[in-house]
Amino acid sequence: MKKFNIYKLISIIAFLLLIFILAVPQFFNIDKKKNAEECIKNMKIIYKAIERYMDEREINFEGTARDLMRTGFLKKTYECPENGVGDKYYMSGNYETGEIIVKCPHEEKFTDHKLPESLIE
């Protein structure tokens with residue numbers, strides 16, 4: 001029977017530590033700032049797509065990111081990175097007033113997931 005030496009013990013501890021380090025951000029959502037930045041980036045892309053849609057077609061926009069994608073104004077659909085699949089943004093645009101609304105589906109839970117006025121140029 002082989003003996004359990006210090007090298008095996010160290011390698012097992014290192015392996016478990018590596019798994020723990022990789023798993024912590026997934027379970028505790030450590031990347032909140034990164035997720036908020038990505039969410040805002042997504043909303044800005046959608047905002048610009050709605051703006052182009054209304055300028056080109058001269059009509060209001062009431063639809064989804066999938067509608068913008070089908071008409072060629074977006075390359076893909078976007079979702080909030082906090083919870084993943086199915087977290088669709090609320091979006092609308094009024095051609096007459098020029099008002100465009102893009103909201104995160106988790107705006108109430110994550111208050112930093114708002115499109116700042118300063119980003120909209």
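The values are calculated or read from the model by the stated rules, or taken from the named source; none is laboratory data. Source: prediction; values computed, not measured. Cβ placement follows ideal geometry from the backbone for every residue including glycine, while neighbour counts extend to all protein chains displayed.
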May I ask you to list the residues in the stretch 55-92 that are surrounded by 13 or more Cβ atoms within 10 Å (Cβ to Cβ) and touching an Asp or Glu at 6+ places or on another chain (Cβ under 7 Å)? E79, C80, P81, D87, K88, S92
Within the stretch 95-113, track down each residue that is surrounded by 10 or more Cβ atoms within 10 Å (Cβ to Cβ) and either aliphatic (A, V, I, L, M) or over 19 Å from K33 (Cα atoms) (or both). Y95, G98, E99, I100, I101, V102
Could you check, for the stretch 31-40, whether at least one of its residues is part of a helix (DSSP H, G or I), exposed (fewer than 11 other Cβ atoms within 10 Å of the Cβ) and at pLDDT below 90? yes
Which ones in the stretch 86-121 are charged (D, E, K, R) and modelled with pLDDT under 90? D87, K88, E107, E108, K109, D112, K114, E117, E121
Within the stretch 88-107, does at least one residue satisfy the condition of being touching a strand residue (DSSP E or B) at 6+ places or on another chain (Cβ under 6 Å) and in a helix (DSSP H, G or I)? no
